[in-house]
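Engineer: Below is one structure. I have some questions about it.
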Amino acid sequence: MTDAATTTASLNKFEKFKAEKDGLAIKAEIEKFASLGWEAMDETDRDHRLKWMGVFFRPVTPGKFMMRLRMPNGILTSEQMRVLAEVVQRYGDDGSADITTRQNIQLRGIRIEDLPEIFQKFHAVGLTSVQSGMDNVRNITGDPVAGLDADELFDTRELVQQIQDMITNNGEGNPEFTNLPRKFNIAITGGRDNSVHAEINDLAFVPAFKEVENPIFGFNVLVGGFFSAKRCEAAIPLNVWVPPEDVVALCRSVLEVFRDRGSRANRQKSRLMWLIDEWGLEKFRAEVEKQFSKSLISAAPEDEINWEKRDHIGVYKQKQPGLNYAGLHIPVGRLCAEDMFEIARLAEVYGSGEIRLTVEQNIIIPNIADSRLGTFLTEPTLNKLTLNPAPLTRSLVSCTGAQFCNFALIETKNRALAIIKALEAELELTRPVRIHWTGCPNSCGQPQVADIGLMGTKARKNGKPVEGVDIYMGGKVGKEAQLGTCVTKGIPCEDLQPVLQELLIQHFGAKPKQEALVTPEFVTK
Ligand code: SRM
Ligand code: SF4
């Protein structure tokens, strides 16, 4: 640890409770908590340590917990989806699930007394929620069409699973990595379109060929990307290239350096980039190299991210002849139990039982044979979870917001859907526009990667406090990704629709519907 981190006096309150008892210790106490009930539990165990098992106390809905899974590379089976559906189904209207911006699933409505049975069910189908919150490595993202995409350079699935297994001890929990100074995000992409937003991860691997005698495939390494309320940074090149077989070891080395040397004094300054700032990139690279215990190879001059980002909504041919994948749009990622059972059924009847998730909070069903496609397209579920949503709906992303998150300054998901519907009723759009909502400056909904990002804030109208947003623009994804910046502050949510309408007209070629009808160019389309 840094000098600052070694003295107890300088430790922040999170470090103190972690030093008293490691978060993972509560794994052995789940039965006890279940019989005690949430009200009688020790508050630190309930509000913080349970997150090491992916169980989040929700002050907004006390007694109804959220559970965050791990979905390496965003992949699950129909059997696993059915288990998740059964869990939320028992909670009636309180139960639902969300697909997250890290290709993952969160469940809602969970009662503490049900945890032992829920964990047993997870175990039986190979699901884990371990180390998915607090000072742990979050769900590791990978290409959503890995192994399906004819143009991919590398299938990321196995590597992502290996990294998760290393960090979590095959899903059982690994005390080596349960006490990081802060959260840590890892992404790995083997495709050409940067489907994982590599640039916003603490550690990311992007495809790159190293010329030795012949080009050899591997990854250039990026470090230090993160969003927080106080500071947002895109990841920077570490000047390292690794072949696929060294990726797991390099993850370990970077994590060990962060764990042992990252600052534990001020939680607002504990993400990896702060350590890189303190040391400088050269020293950071040298420390990683020491830990890696062999020489690091310098980066390839160019990476292979040279496509615009795809959203995977719709039906596409796979690299396997005669097979297709279908990207279903899930409005703001929210699923009810019935939807989840349906998705599991569709994946089994038409595909191979596999289901994938995207960072845009949508679902992909792979391996649909040409011969089954016609019948698949007639499924009534596709009227709700559509293959061809309207252009604004298609790219809408939203964080959890005030319905369940106590950090939220505004309601997000329901409001996002209502405003998009109203805008689509007014406007004719010729291309999708990526609108991301996030309920507070923590930026879980990634407004900085959006064409138009909306960040919850406190605004004023007629002298009264009202829910409002700061507007971000200029986010670019895929090749040459860059973060958007704040262009307008404090727009009251009730006044937002006309403001968005104007932005869409001015910057994204939208036309008012009336005008669209009389413009010959549009009539012919
Ligand atoms: Fe997040 C904290 C939800 C992706 C930055 N995030 C939270 C908490 C746990 C706060 C809380 O206890 O209520 C939210 C849980 C609300 C709930 O009930 O759902 C929460 N974050 C989410 C999710 C569910 C948003 C979504 O609707 O998809 C995403 C879950 C991802 C996952 O599966 O693990 C989620 N959060 C992100 C991302 C986006 C990403 O990773 O690409 C970010 C910005 C990127 C980053 O971390 O660098 C993000 N979340 C934060 C932060 C700010 C971190 C910081 O360094 O300050 C917090 C607050 C914190 O950690 O102190 C936070
Ligand atoms: Fe909650 Fe804020 Fe994250 Fe939205 S951005 S989920 S409101 S912490």
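The values are calculated or read from the model by the stated rules, or taken from the named source; none is laboratory data. These figures come from a predicted structure and were not determined experimentally. Note: ideal-geometry Cβ built from the backbone for every residue, glycine included; neighbour counts use all protein chains shown. Only protein heavy atoms, including side chains, enter the accessible area calculation; ligands, DNA and RNA are left aside. Shrake-Rupley method; radii C 1.70, N 1.55, O 1.52, S 1.80 Å.
Engineer: Could you work out [θ]222 nm for the chain from helices alone, using -39500 (n - 2.57) per DSSP H run of at least four and dividing by all its residues? Round to the nearest 500 deg cm²/dmol.
Structural biologist: Working: 17 runs with 155 residues, N = 525.
Dividing the helical sum by the residues of the chain leaves -8500 deg cm²/dmol.
Engineer: Pull out a ≥ b ≥ c, the square roots of the eigenvalues of the alpha-carbon gyration tensor of region 186-323, then state rounded if a/c is under 1.5, prolate if not and a/b is larger than b/c, and oblate in the remaining case.
Structural biologist: Details: a/c = 2.40, a/b = 1.41, b/c = 1.70.
The shape class here is oblate.
Engineer: Related question: Leaving out ligands and nucleic acids, note down the accessible area per residue over region 327-411 with a 1.4 angstrom probe, in whole Å².
Structural biologist: Details: 2850 Å² over 85 residues.
Normalised by residue count, the accessible surface of region 327-411 is 34 Å².
Engineer: Here's another thing I want to ask about it. How high is the relative contact order of the chain? Use alpha-carbon pairs under 8 Å, at least six apart in sequence, and give a whole percent.
Structural biologist: Values: 1195 pairs, mean separation 67.1, N = 525.
Once normalised by length, the contact order is 13 percent.
Engineer: List the aspartates and glutamates whose Cα lies under 17 Å from the Cα of K294, skipping any in the same chain that are fewer than 8 positions away.
Structural biologist: Answer for K294, where 17 Å is the Cα cut-off: E245, D246, E256, E282, listed by chain and number.
Engineer: Ordered by residue, what ³J(HN,Hα) values in Hz, to whole numbers, does region 299-314 give under the Karplus form 6.51 cos²θ - 1.76 cosθ + 1.60, where θ = phi - 60° and Gly and Pro are x?
Structural biologist: 4, 5, x, 9, 9, 9, 7, 9, 10, 5, 6, 8, 10, 6, 7, x
Engineer: HN-Hα J couplings of region 446-454 from phi, Karplus 6.51/-1.76/1.60, θ = phi - 60°, integer Hz, Gly and Pro as x?
Structural biologist: Per residue, the Karplus-derived 3J(HN,Hα) values read 6, x, 6, 9, 8, 5, 10, x, 10 Hz.
Engineer: Going from most exposed to least, what order do C405, C444 have by accessible area with a 1.4 Å probe?
Structural biologist: Working: C405 35, C444 80 Å².
The most accessible residue leads, giving C444, C405.
Engineer: How large is the Kirkwood hydrodynamic radius of the chain, counting all unique pairs of alpha carbons, in Å? Write out the running numbers ahead of the final one.
Structural biologist: Numbers: mean 1/r = 0.0418 Å⁻¹.
Radius from the Kirkwood sum: 23.9 Å.
Engineer: Here's another thing I want to ask about it. Under 8 Å for C-alpha pairs, at least 6 residues apart: give me the relative contact order for region 3-124, rounded to a whole percent. Working shown, then result.
Structural biologist: Details: 138 pairs, mean separation 29.1, N = 122.
Computed over region 3-124, the figure is 24 percent.
Engineer: Next question. Between S132 and residues 5 or more places away or on another chain, which pairs have amide H atoms under 5 Å apart, with H built 1.01 Å from N, and which residues are they?
Structural biologist: Excluding prolines and chain starts, which carry no amide H, the hits are G54.
Engineer: So which lysines pass the test for K384, namely a Cα distance under 19 Å, with those fewer than 8 places away in the same chain ruled out?
Structural biologist: K413, K421
Engineer: Something else about it: Just to confirm the filter: which trypsin sites (Lys or Arg not before Pro) across region 339-402 are DSSP coil and have at most 15 other Cβ within 10 angstrom of their Cβ?
Structural biologist: Values: sites: R345, R356, R372, K384, R394; in loops: K384.
When the trypsin sites (Lys or Arg not before Pro) of region 339-402 are filtered for loop state and at most 15 Cβ neighbours within 10 Å, K384 remain.
Engineer: Would you be so kind as to identify all helices of the chain, as entire DSSP H runs, whose Cα atoms reach 15 Å or more along the helix's own axis and whose mean Kyte-Doolittle hydropathy is at least -1.0? If you can, show how the numbers build up before the last one.
Structural biologist: Details: long enough: 78-89 (16 Å, 0.07); 157-168 (16 Å, -0.32); 247-261 (21 Å, 0.68); 281-292 (16 Å, -0.91); 337-350 (20 Å, 0.20); 413-426 (20 Å, 0.07); 496-508 (17 Å, 0.61).
Long hydrophobic helices here: 78-89, 157-168, 247-261, 281-292, 337-350, 413-426, 496-508.
Engineer: Using a probe of 1.4 angstrom, how much of the accessible area of region 314-388 is carbon and sulfur, in percent?
Structural biologist: Numbers: 1560 of 2780 Å².
Roughly 56 percent, rounded to a whole number.
Engineer: Still on this structure, I have one more. Can you flag which of K18/K290; K13/K64; K27/K458; K230/K309; K476/K511 are past 30 Å Cα-Cα? List each step's numbers first, then the result.
Structural biologist: Numbers: K18/K290 27 Å; K13/K64 26 Å; K27/K458 39 Å; K230/K309 28 Å; K476/K511 23 Å.
Too far apart for the 30 Å limit: K27/K458.
Engineer: If you consider only alpha-carbon coordinates, what radius of gyration and Dmax does region 372-453 have, in Å?
Structural biologist: Here Rg and the maximum Cα pair distance are 14.9, 46 Å.
Engineer: Using a probe of 1.4 angstrom, how much of the accessible area of region 394-491 is carbon and sulfur, in percent?
Structural biologist: Working: 2050 of 3950 Å².
The nonpolar share, carbon plus sulfur, comes to 52 percent.
Engineer: Let me ask something else. I need the phi-derived Karplus couplings for region 206-218: 6.51 cos²θ - 1.76 cosθ + 1.60, θ = phi - 60°, integer Hz, Gly and Pro marked x.
Structural biologist: Computed from phi, the couplings for region 206-218 are 10, x, 7, 9, 9, 7, 10, 9, 10, x, 10, 7, x Hz.
Engineer: Determine the sum of side-chain charges near E379: Lys and Arg each +1, Asp and Glu each -1, restricted to other residues whose C-beta is under 12 angstrom from that of E379. Mind showing how you got there, number by number?
Structural biologist: Working: positive: R345, R372, K384; negative: E342.
Residues near E379 contribute +2 overall.
Engineer: Right, next: Evaluate the relative contact order of region 157-292 (contact order divided by residue number), counting alpha-carbon pairs under 8 angstrom at least 6 apart; express in whole percent. Spell out each step's value before the answer.
Structural biologist: Working: 220 pairs, mean separation 28.6, N = 136.
In percent, rounded to a whole number, it is 21.
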